[in-house]
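The values are calculated or read from the model by the stated rules, or taken from the named source; none is laboratory data. Here the structure is a predicted model, which means the values were calculated and not measured. Heads up, the Cβs are rebuilt from the backbone with ideal geometry, glycines too, and the neighbour counts pull from every protein chain shown.
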Amino acid sequence: MESISSIWQGLKPDVLMVLVQIAYAAVTIIYKLAINDGMNMRVASAYRLICASVFTIPVALVFDRKKKEKITWSVLSKTFLCGLFGGSLSLNLYLEALALTSATFMLVVFNLIPAITFIMAVCFGMEKFNLKVVEGNAKVIGTLLGISGAMLMIFFKGVEIHIWSSNINLLHPHHNQNEQMASQHSDFLKKLLGVSFALATACSFSLWYIIQAKLNEEYSSHHSSAALISIMGAVQATAIALCVENDWNQWKLGNNLSILAVIYPGIVTSGLVVVATAWCIKMRGPLFASIFSPLQLFLVVIAAYFMLDEKLYLGSMLGALVIVCGLYAVLWGQSKEMKNKMKILEITRMSENDEPVVISMPVSHDRVIQSYQSSAITKENVVNDQ
């Protein structure tokens, strides 16, 4: 019994991350169905962020009640930007792109976020192109693979791939009659607009990650910052919806699908999933949580093919494969870089009385570590000789 219990404890993070990806995949399918059913996208964004605020505020009050960190204007400005790029703007762009493209395409673009984040971090001086180390090459190659995969998906269609037809299509055909009657030219323009919205969504999320990193340095109460970001995003999304939508009937949740599209993403993905992911990161690290993201793409591809009658094309599959390879290359480079930094910190702590070796030329982290070790051994020999 003890061995079974220990095995379960070891597998718990893996099982949780699989459930997290299933939850995220379900959100994409639910949103696609709700949009096809006529739900207003701006109203859906506002409702989701309001639900997220309702969930995160009590959590912050419970877990951060003993912390008394001062909320400065700088913190408020960063939470406002996080609420914009990680909440109201990104969610509105995401739903617009999902309405114009497919669920599969949106998930493929989401796997570009680490590569786009790396490019933006370099532009802002938070990362450096270091092609003299393996991890630097991995991140650059992964970024180029991601961009190449996206270009392959956009410009190369290829032959249609037939697996097996379930004859199930949850998307109502009568909502797509105008699309079927539209000309090939207008379809191309619509696809181009959808691709633009999708890439803008990925860029918005990448900006959010960069600003969030700055916010974490200044304000360490994560539950409170999450609540503030949710509140800012909810206020922004509600203001956008009120300005654009003058019909109050759009705010009515007329059917069960609309209610599900509001409550499930707000509570499950913006609440429970965040808690589960945070626990897994604490147990196994951020890379462990990141490597499961392609599973979400696989689940959405299968669900969209069998339930939404989405077509699979060779170009899309090849592009998705290249993007996933690029994702893992970037993640491997980040993991290698993080491990090397941790080694340097450990050696520095072990040799507190030793003077660090200053290296002015760019070298690999392994050579820095060797320099620290050589310095420590040399000083130890000198002491023994005396």
Check: Within the stretch 59-67, can one find any residue that is touching a helix residue (DSSP H, G or I) at 6+ places or on another chain (Cβ under 6 Å) and of a type in the set (Asp, Glu)?
Finding: yes
Notebook entry, point to check: Only one of (1) surrounded by fewer than 19 Cβ atoms within 10 Å (Cβ to Cβ); (2) modelled with pLDDT under 80; (3) assigned to a helix (DSSP H, G or I) fails for residue 271. Which number is that?
Noted result: (1)
Item checked: residue 92 vs. criteria under 30 Å from residue 189 (Cα atoms) and either touching a residue at least 60 places away in the same chain (Cβ under 8 Å) or assigned to a helix (DSSP H, G or I) (or both) -> yes
Next item on the list: Restrict the check to the stretch 135-147 and report whether at least one residue is surrounded by fewer than 23 Cβ atoms within 10 Å (Cβ to Cβ), closer than 14 Å to residue 316 by Cα and out of contact with any helix residue (DSSP H, G or I) (no Cβ under 6 Å at 6 or more places or on another chain).
Entry: yes
Next item on the list: Could you grab the pairs with beta carbons closer than 7 Å, sequence gap of 6+ or different chains, first residue in the stretch 314-332 and over 20 Å from residue 156 (Cβ atoms), second one of a type in the set (Ser, Thr, Tyr) and crowded, with 22+ Cβ neighbours inside 10 Å?
Entry: 330/143
Checklist line | Matching residues in the stretch 240-252 - criterion: being without any contact (Cβ under 8 Å) to a residue 60 or more places away in the chain and either surrounded by 18 or more Cβ atoms within 10 Å (Cβ to Cβ) or in a helix (DSSP H, G or I) (or both) | finding: 242, 243, 248, 249
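For residues in the stretch 7-54 being among the aromatic types (Phe, Trp, Tyr) and at pLDDT 85 or above, which is farthest from residue 240 (Cα to Cα)?
Residues of the stretch 7-54 among the aromatic types (Phe, Trp, Tyr): 8, 24, 31, 47.
Retained after the next criterion (residues that are at pLDDT 85 or above): 24, 31, 47.
Numbers: 24: 25, 31: 19, 47: 12 Å.
Result: 24.
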Item checked: When residues of the stretch 62-85 are limited to those that are over 26 Å from the mean Cα position of the chain (by Cα) and in a helix (DSSP H, G or I), the one surrounded by the fewest Cβ atoms within 10 Å (Cβ to Cβ) -> 73
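Would a scan of the stretch 10-18 turn up a residue that is among the charged types (D, E, K, R), assigned to a helix (DSSP H, G or I), touching a helix residue (DSSP H, G or I) at 6+ places or on another chain (Cβ under 6 Å) and within 26 Å of residue 108 (Cα to Cα)?
From the stretch 10-18, those among the charged types (D, E, K, R) are 12, 14; that's our starting set.
Filter again for assigned to a helix (DSSP H, G or I), leaving 12, 14.
If we keep only those that are touching a helix residue (DSSP H, G or I) at 6+ places or on another chain (Cβ under 6 Å) as well, we get none.
Among the residues of the stretch 10-18, not one is among the charged types (D, E, K, R), assigned to a helix (DSSP H, G or I), touching a helix residue (DSSP H, G or I) at 6+ places or on another chain (Cβ under 6 Å) and within 26 Å of residue 108 (Cα to Cα), which makes the answer no.
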